[in-house]
1. Can you report the number of residues in segment 49-62 which are buried (at least 24 other Cβ atoms within 10 Å of the Cβ) and aliphatic (A, V, I, L, M)?
2. Could you check how many residues of segment 63-80 are touching a helix residue (DSSP H, G or I) at 6+ places or on another chain (Cβ under 8 Å) and surrounded by 14 or more Cβ atoms within 10 Å (Cβ to Cβ)?
3. Within segment 149-168, is even one residue more than 17 Å from ALA65 (Cβ to Cβ) and among the hydroxyl-bearing types (Ser, Thr, Tyr)?
4. Output the residues belonging to segment 45-72 that are over 14 Å from GLY264 (Cα atoms) and either hydroxyl-bearing (Ser, Thr, Tyr) or free of Cβ contacts under 8 Å to residues at least 12 places away in the same chain (or both).
5. Return the only residue of ALA276, ALA299, ALA266 being over 15 Å from the mean Cα position of the chain (by Cα), assigned to a helix (DSSP H, G or I) and of a type outside the set (Ser, Thr, Tyr).
6. Please go through segment 267-277 and pick out each residue that is over 21 Å from ALA197 (Cα atoms) and either in contact (Cβ under 8 Å) with a residue 12 or more places away in the chain or crowded, with 24+ Cβ neighbours inside 10 Å (or both).
7. Just for segment 134-191: of the residues that are basic (Lys, Arg) and not in a helix (DSSP H, G or I), which one is surrounded by the most Cβ atoms within 10 Å (Cβ to Cβ)?
8. Which one of these does PRO122 not meet: (1) modelled with pLDDT under 95; (2) crowded, with 24+ Cβ neighbours inside 10 Å?
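The values are calculated or read from the model by the stated rules, or taken from the named source; none is laboratory data. This is a predicted model, so every value here is computed, not measured. Counting neighbours? That spans all protein chains shown, and the Cβs are built from the backbone with ideal geometry, glycine included.
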Amino acid sequence: MEQNNHYGALQKPIGSGFNATSTSTEVIKGIDLSGKTAIITGGHTGIGLETTKALAQAGATVIVAARDVEKAKKNLEGIARVEITSLDLMDPSQINSFAKAFLVTNRPLHLLINNAGIMWVPLRRDHRGFESQLATNYLAMFQLTASLWPALKNANGARVVNVSSGGHQFSDFDFNDPNFIHRPYDTLLGYGQSKTAVNLFSLAFDDRAKVHQVRSYALCPGAVGGTELAREAPLDLFQQLGYTDAHGNILPEVAASLKTIPQGAATTIWCATSTALADMGGVYCENVEVADLNADIAAIGGIKPYSLHPEHANRLWQLSEEMTGISFNLDGVS
């Protein structure tokens, strides 16, 4: 019987041999990616930069899609087998142009790592009226994956790795008002539903793509120090959450709990390269392992069941096609 991860059927640890303190260097050790091509969004800062370094050092050619090309050039200087291309995920036309430019090279795409994302932002909308976290963290991912599908299919064995978050527990996906037209905007609810959408997409995409030897994974990198994700976060929000003191200084116990950037990138690397995942997909991973299913909405860690509901995943797929204007029929694409 064919396995799928509907309702979290596969959500249990598989004995990866790694843990929350494992680093990208440890995970990539002994893996040869020579001749493989990878695309990563936001691969020039934070855990994306660490992911780029690890893949390139293992022999892959890594195409970094960056909104700030000059910054990318500076951060990636001296790393072999890295190509830098401009891409603003809030602009659908740029996504199309980026994908077309890659497809004309006729290169197969072995790894697509949808890493870029935003968090803690005020209410913003793109030119279509879509809320910015939903547009950047999820809809751009859907469009980019769809646009690059021919190259993924032609790889004869590819993986799509989608960086999600434990923050998906902040919110299920609101099909009635995903863009906060009729409900008050809450930045954490917006972030939560965008990451729930990532999980649902990873499930639905794997269901459709595995017959073509393409597998999909979602992951939580963990709470990582030293990234730029919180650059727009208001101080009072961190204080309310108990992360900082009244002066904005991060509390020692909070700082001690954060992962390093190499630890934060480890799960992405594992999802992209581990042979232990070769015959499974549509799963959500954390701490370099397949995560547990966790129905306790108040508990941190694991994945919430609503993030792996197949009917919701298919409904989101249809809504995503409507919102992006893309018909993503995998069998209908040569």
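1. Taking segment 49-62 first, the residues buried (at least 24 other Cβ atoms within 10 Å of the Cβ) are 50-52, 54-55, 60, 62.
Adding the requirement that they be aliphatic (A, V, I, L, M) leaves 54-55, 60, 62.
So the count comes out to 4.
2. The initial filter retains those residues of segment 63-80 that are touching a helix residue (DSSP H, G or I) at 6+ places or on another chain (Cβ under 8 Å), namely 63-66, 75-76, 79-80.
With surrounded by 14 or more Cβ atoms within 10 Å (Cβ to Cβ) added as a condition, the list becomes 63-66, 75-76, 79.
Residues meeting the conditions: 7.
3. Yes, the conditions are met somewhere in segment 149-168.
4. Taking segment 45-72 and keeping what is over 14 Å from GLY264 (Cα atoms), we get 55-72.
Those that are over 14 Å from GLY264 (Cα atoms) and either hydroxyl-bearing (Ser, Thr, Tyr) or free of Cβ contacts under 8 Å to residues at least 12 places away in the same chain (or both): THR61, GLU70.
5. On the way: ALA299 fails: assigned to a helix (DSSP H, G or I); ALA266 fails: over 15 Å from the mean Cα position of the chain (by Cα).
Criteria check complete, one pass: ALA276.
6. ILE269, TRP270, THR273, SER274, ALA276, LEU277, listed by residue number.
7. Step one: filter segment 134-191 for residues basic (Lys, Arg), giving 153, 159, 183.
Going one step further and asking which of them are not in a helix (DSSP H, G or I), we end up with 159, 183.
On the way: ARG159: 26, ARG183: 11.
It comes out as ARG159.
8. PRO122 satisfies every listed condition except (2).
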